[in-house]
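Here's the structure we're looking at; comments come further down.
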Amino acid sequence: MHLLYEGKSKRIYEVDDRTVFVEFKDDVTAFNGQKKASPPGKGDVTARISTLLFEYLKKNGIPTHYVRPGEKGFYALKVRILPVEVVVRNVATGSIVKRLGLEKGKELSPPLVEYFYKNDDLGDPMVCEGHITYFGWATEEELRKMKDLSLKATALLTELFKRAGLRLIDIKYEFGYDPDGNLVLADEISPDTSRIWDDEGRSYDKDVFRKDLGDIVEAYEEVYRRLRAVV
Ligand code: 5GP
């Protein structure tokens, strides 16, 4: 397969006119690439979790780029990604705590939606709806659809994680246009792009690596085991 793009944690290969293969690398990075490691098994477990979550969302009516599972990755439709990241928060932690001085662990009910401009050089700054439509990163209609799908996906995932004895704290989504012109949920959905806590507040996500809290592969395997048992 022809390599189309290599990012920090994934490689995207061209399969045919409409399809790509998304391969997960063992590489894990944080703080915009400043902290790096390659724990064996990280790519494989992240791919299995992302596959399980995309299949669950697809089955529950969320349009996604996901097509079918593969070895250390999945097949997906080619998409033109919009440069907007949608973050949905059920609980305050991470950047919002620093930015707004909130108490870590504060429940955000209903969930809070935030937008970030996807730009590594700028460190993905937070933006408002006005910036997004003014600079043409997405139209008002696209923004409305992205917000609606993000909230629906979060409600579904929050319920799934609860059944698995875990709490979905926050999550980041990316969207793009598939070859048929449909706006679909794209990229990955995994503990790399979300925060997942147990009832004692232990992390089972990329914070394990960001904050040196333990073995990231073991934490992700636990998420996979628990999800597999309830999906
Ligand atoms: P925060 O804004 O608190 O740093 O992140 C909120 C949530 O979105 C977290 O679950 C975080 O992992 C995810 N997130 C936000 N931006 C990115 C990003 O550029 N890459 C990844 N992997 N996750 C992100």
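The values are calculated or read from the model by the stated rules, or taken from the named source; none is laboratory data. Because the structure is predicted, anything quoted here is derived from the model rather than measured. Note that we place each Cβ from the backbone using ideal geometry, even for glycine, and neighbour counts take in every protein chain shown. For accessibility, only protein heavy atoms count, side chains too; no ligands or nucleic acids. Shrake-Rupley method; radii C 1.70, N 1.55, O 1.52, S 1.80 Å.
Before moving on, here are some points about what is shown:
- Against the numbered list (1) touching a helix residue (DSSP H, G or I) at 6+ places or on another chain (Cβ under 8 Å); (2) without any contact (Cβ under 8 Å) to a residue 60 or more places away in the chain; (3) open to solvent by 70 Å² or more (accessible area, probe 1.4 Å); (4) of a type in the set (Phe, Trp, Tyr), residue 31 comes up short only at (2).
- Scanning region 1-17 for residues that are in a strand (DSSP E or B) and crowded, with 16+ Cβ neighbours inside 10 Å, we see that the one that is farthest from the ligand (Cβ to nearest atom) is 13.
- Of all positions in region 198-210, at least one carries a residue that is hydroxyl-bearing (Ser, Thr, Tyr), assigned to a strand (DSSP E or B) and more than 12 Å from the chain's Cα centre (by Cα).
- Annotation note: of 156, 160, 143, 151, the sole residue that is over 20 Å from residue 74 (Cβ atoms), within 17 Å of the chain's Cα centre (by Cα) and not in a loop (DSSP other than H, G, I, E, B) is 151.
- Total residues in region 83-119 satisfying the condition of being without any contact (Cβ under 8 Å) to a residue 12 or more places away in the chain, within 9 Å of the ligand (Cβ to nearest atom) and open to solvent by 40 Å² or more (accessible area, probe 1.4 Å): the figure is 1.
- Lone unmet requirement of (1) among the aliphatic types (A, V, I, L, M); (2) crowded, with 21+ Cβ neighbours inside 10 Å; (3) more than 17 Å from the chain's Cα centre (by Cα); (4) within 16 Å of the ligand (Cβ to nearest atom) for residue 20: (4)
- Residue 36 passes every criterion in (1) in a strand (DSSP E or B); (2) open to solvent by less than 50 Å² (accessible area, probe 1.4 Å); (3) more than 27 Å from residue 154 (Cβ to Cβ) apart from (2).
- Pair list, Cβ < 9 Å and 6+ apart or interchain, from region 162-183 residues that are on the phi > 0 side of the Ramachandran plot to residues that are surrounded by fewer than 23 Cβ atoms within 10 Å (Cβ to Cβ): 165/198; 165/199; 165/226; 165/230
- Any chance residue 122 is of a type outside the set (D, E, K, R), farther than 21 Å from residue 196 by Cα and either away from the ligand (no atom under 11 Å from the Cβ) or modelled with pLDDT under 95 (or both): yes
- Remark: pairs (first residue in region 207-230, over 10 Å from residue 45 (Cα atoms); second residue part of a helix (DSSP H, G or I) and open to solvent by 70 Å² or more (accessible area, probe 1.4 Å); Cβ separation under 6 Å; 6+ apart in sequence or on different chains) = 230/163.
- Hits in region 68-82 - residues which are more than 14 Å from the ligand (Cβ to nearest atom), open to solvent by 60 Å² or more (accessible area, probe 1.4 Å) and either of a type outside the set (Lys, Arg) or within 27 Å of residue 162 (Cβ to Cβ) (or both): 69, 71
- Counted as qualifying within region 48-133 are the strands (runs of 3 or more DSSP E) with 3 or more residues that are touching a Phe, Trp or Tyr at 6+ places or on another chain (Cβ under 8 Å), namely 66-70, 73-77, 80-91.
- When 58, 42 are checked against the criterion of being open to solvent by 70 Å² or more (accessible area, probe 1.4 Å) and charged (D, E, K, R), 58 stands alone in meeting it.
- Unique match (being among the polar types (S, T, N, Q) and open to solvent by 10 Å² or more (accessible area, probe 1.4 Å)) among 203, 190: 203
- Test: residue 145 is away from the ligand (no atom under 16 Å from the Cβ), open to solvent by 40 Å² or more (accessible area, probe 1.4 Å) and not polar (S, T, N, Q): yes
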